[in-house]
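Peer 1: One structure is given below, represented as C-alpha cells, and several questions about it will come after.
The values are calculated or read from the model by the stated rules, or taken from the named source; none is laboratory data. What you see is a predicted model; the values in this text were computed from it and never measured. Counting neighbours? That spans all protein chains shown, and the Cβs are built from the backbone with ideal geometry, glycine included. When the accessible area is computed, the model is the full protein with side chains, heavy atoms only, and any ligands, DNA or RNA have been set aside. Shrake-Rupley method; radii C 1.70, N 1.55, O 1.52, S 1.80 Å.
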Amino acid sequence: MKYPRSPREKIQGIVYFGRMIDKMRLMNAGELHPDLHANLGKAFDERCANFLGVRYEDLAGCIKAGLTDNDALTWCFENGVTPTEEQIEIWNAFMSKRGWNDDATATLIRRKQESGFETRDEIQTMFDYIDADEGRPVPPAIVS
C-alpha cells in the first residue's frame, strides 16, 4: 500500500492538486493506503476540486483515462476555472496553513493525539501532520 505525494508539492504552482490525483491513481490501481479511503473526494479533495470549478468525480474519470498531472490540470482549467496568480497565492497560503489557529485546529490536535504526535511541536498545520503521518520530514515552520 502506498501514500500519495506530499500536499506541499505543486503542479503548475498549485499545492495539493498533485496529491489529490495521486490518490485517484493509487485507488484505481488498488494501491492506496487504506487510511486514505474514507476521505476520497471529501475534505481537502473536495476543496481542491471546488477551487478549480470541477466535480471530483469528473476529474477522477479523466485520471482513470490516463491523463498526466499537467494534462489533468489543463482539463480542469478548460472545464472549470483558471485561477489567477493571486487566487493561486491565496489558495496555497490557505491550504498550507490549515489547522494553525483556525477552525481546523481541533481536528489537528485530535489527529496528533490519535497518532501519538502530541509532543511534536513542529507539527503546526494539517500539511505538517500529513507529512509526519506518512513518514516524510516536516519542514521548518512557516508560521509562528
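Peer 1: Quickly run through region 24-53 and pick out the residues that are under 22 Å from MET1 (Cα atoms) and hydrophobic (A, V, I, L, M, F, W, C). Let's see the steps before the verdict.
Peer 2: Step one: list which residues in region 24-53 are under 22 Å from MET1 (Cα atoms), which gives 24-45.
Those that are under 22 Å from MET1 (Cα atoms) and hydrophobic (A, V, I, L, M, F, W, C): MET24, LEU26, MET27, ALA29, LEU32, LEU36, ALA38, LEU40, ALA43, PHE44.
Peer 1: For region 102-139, name all the residues that are more than 18 Å from LYS10 (Cα to Cα), without any contact (Cβ under 8 Å) to a residue 12 or more places away in the chain and open to solvent by 40 Å² or more (accessible area, probe 1.4 Å).
Peer 2: Within region 102-139, ASP102, ASP103, ALA106, ILE109, ARG110, GLN113, GLU114, GLY116, GLU118, THR119, ASP121 meet the criteria.
Peer 1: Criterion first (touching a Gly at 6+ places or on another chain (Cβ under 6 Å) and of a type outside the set (Lys, Arg)) does GLY13 satisfy it?
Peer 2: Values: touching a Gly at 6+ places or on another chain (Cβ under 6 Å): no; of a type outside the set (Lys, Arg): yes.
For GLY13, the condition - touching a Gly at 6+ places or on another chain (Cβ under 6 Å) and of a type outside the set (Lys, Arg) - is not met.
Peer 1: From ASN79, ASN92, which residue is open to solvent by less than 90 Å² (accessible area, probe 1.4 Å), touching a residue at least 60 places away in the same chain (Cβ under 8 Å), closer than 23 Å to MET24 by Cβ and not β-branched (Val, Ile, Thr)? Before you say what the answer is, go through the steps one by one.
Peer 2: On the way: ASN79 fails: touching a residue at least 60 places away in the same chain (Cβ under 8 Å).
Matching residue, one of ASN79, ASN92: ASN92.
Peer 1: Any residue in region 38-49 that's touching a residue at least 60 places away in the same chain (Cβ under 8 Å): show its pairings with residues that are surrounded by fewer than 16 Cβ atoms within 10 Å (Cβ to Cβ) at Cβ separation under 8 Å, as long as the two are six or more apart or on different chains.
Peer 2: none
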